[in-house]
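Scroll down for the structure; my scribbles are underneath it.
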Amino acid sequence: MDSHFSHFSDEKFQNELLGKLNLLQYCKSIDELRATCNLILDMIRLNHDFMASDFLPSGDADIKIGLESLTKELKQIRDSFTFERGMYYTRRLLKSLTQSRTTKINDINLLRWKDYGDILTDSFWSFERRTRQGSHSGWYWGNFVPQIPNQLLRRYTKQNDWVLDPFSGSGTTLIECKRLGRNGVGIELNPAVVQESKKVIDAEDNPFNVKINLLNADSSAATKEDIFADAPVSSFQFIILHPPYSNIIRFSKDSRDLSNFESTSDFLSAFEKIVENVKTYLDDGRYMGLVIGDKFSHGEWIPLGFMTMNQVLKHEFTLKSIVVKNFEDTRGKRNSSDLWRYRALLGGYYVFKHEYIFIFRKEKGRD
Ligand SMILES: C[S@@+](CC[C@H](N)C(=O)[O-])C[C@H]1O[C@@H](n2cnc3c(N)ncnc32)[C@H](O)[C@@H]1O
């Protein structure tokens with residue numbers, strides 16, 4: 001790196017920046033406030049490109065400052081019409097750099113909510129392609145994209161919370177748990193899939209030293225002893241359900257496998273049995289996500305999404321959101337997409353391009 005260039009190391013930059021930001025509160029006039037803001041803005045501009053990330057630790061381990069939103073906040077102070085308004089924004093900014101306000105269900109610092117631009121809050125999710133970071137490789141037919149558990153875990157859990165995935169499959173949720181510092185228990189019926197996914201999950205680093213347990217069992221029958229066998233807790237703070245979409249993909253020949261129920265009503269009853277079993281272990285006031293798509297059968301659209309949603313709502317849950325997520329085209333489907341279009345034109349239907357993520361909250365004593 002060019003030695004005469006006047007940028008600091010990340011750590012020195014952080015100290016200098018925090019020192020200068022602190023000076024804002026001692027300004028005595030709007031001119032002084034504006035000049036100090038300009039000085040800090042120049043400093044950010046000069047150093048930003050050389051930083052490892054767009055986020056800067058503010059000194060408090062839990063608080064991260066996004067340089068983009070900080071720049072906007074400084075411009076807001078600088079462009080204030082009056083000194084009083086400028087000082088009001090200054091106090092708000094300094095408070096957000098030293099204090100944090102979170103809710104019971106996640107670690108999002110609401111005082112710096114603008115720094116969480118990558119956390120989705122709209123009810124339509126569109127992912128162009130799956131994340132392939134870490135051990136995520138998409139080897140399992142019928143998995144979900146890692147962005148789904150990633151979004152849900154950051155939104156509905158805190159670090160060190162316990163998460164249950166009763167349809168663990170290739171372990172996408174458990175890998176995300178490791179990456180985000182959440183403890184996870186997965187249940188999967190198919191022993192071969194358990195064996196393979198264990199390898200993949202083990203290959204993922206464990207920077208937060210969380211516990212990850214994977215059980216080979218039927219989620220409708222797994223007992224408390226089974227589920228918490230290697231866990232020093234007795235409840236979960238989040239459950240994520242990604243059941244088979246009825247019999248669209250057959251996951252095994254096991255008669256307890258949800259993909260092996262011929263009629264939709266049998267599938268729904270078996271699904272409800274699993275909900276009944278696992279909901280017992282979810283703390284009141286905490287959340288459960290259900291990821292599922294619909295299916296076609298004998299020329300009829302079967303709304304598995306809304307049907308399974310209703311099964312959950314028979315119990316002590318309230319519906320908090322229905323998210324519609326795009327279906328990415330898999331290679332196989334892309335090749336046959338013309339054929340699907342032809343069939344759709346012929347048969348009077350639309351080609352599936354979405355699935356659902358239902359978000360429920362467990363309410364106390366509402367069963
Ligand atoms: C849609 S896949 C889940 C995929 C997973 N989210 C992933 O990313 O790999 C559903 C999984 O549920 C499993 N399964 C089906 N019936 C089950 C049951 N009764 N108990 C536990 N697992 C079951 C299937 O073997 C399959 O792996």
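Quick notes on this structure:
- Taking every C-alpha pair closer than 8 Å and separated by at least 6 residues, the mean separation divided by the residue count of segment 191-332 gives a relative contact order of 22 percent.
- Solvent exposure ordering (accessible area, 1.4 Å, most first) of 343, 129: 129, 343
- Dividing the helix sum by the residues of the chain, where each DSSP H run of 4 or more adds -39500 (n - 2.57), gives a mean residue ellipticity at 222 nm of -11500 deg cm²/dmol.
- Relative contact order computed over the chain (Cα-Cα under 8 Å; 6+ residues apart), in percent: 12
- Inter-part distance where segment 224-252 and segment 266-311 are each reduced to a Cα centre, Å: 13
- Its Cα gyration tensor gives segment 10-115 an equivalent ellipsoid. The semi-axes, each the square root of 5 times an eigenvalue, are 22, 18, 11 Å from largest down.
- Within the chain, the proportion of Cα pairs with more than 29 Å between them is 51 percent.
- Beta bridge orientation in the chain: antiparallel %, DSSP, nearest 5: 55
- Cα centroid separation, segment 145-191 to segment 197-217 (Å): 10
- Among the listed pairs 211/320; 20/95; 28/95, those beyond 26 Å (Cα-Cα): 211/320
- Per residue, the accessible area of the chain comes to 53 Å² when a 1.4 Å probe rolls over the protein heavy atoms.
- Proximal lysines to residue 253, defined as alpha-carbon separation beneath 22 angstrom and excluding residues fewer than eight positions away on the same chain: 198, 273, 295
- Ligands, DNA and RNA left out, the 1.4 Å accessible surface of segment 216-367 is 50% carbon and sulfur atoms.
- Accessible-area composition of segment 10-115, carbon plus sulfur, in percent [1.4 Å probe]: 52
The values are calculated or read from the model by the stated rules, or taken from the named source; none is laboratory data. These numbers come from a predicted model, not from an experiment. The protein model used for the area step is the full one, side chains on, heavy atoms only, and it has no ligands, DNA or RNA in it. Shrake-Rupley method; radii C 1.70, N 1.55, O 1.52, S 1.80 Å.
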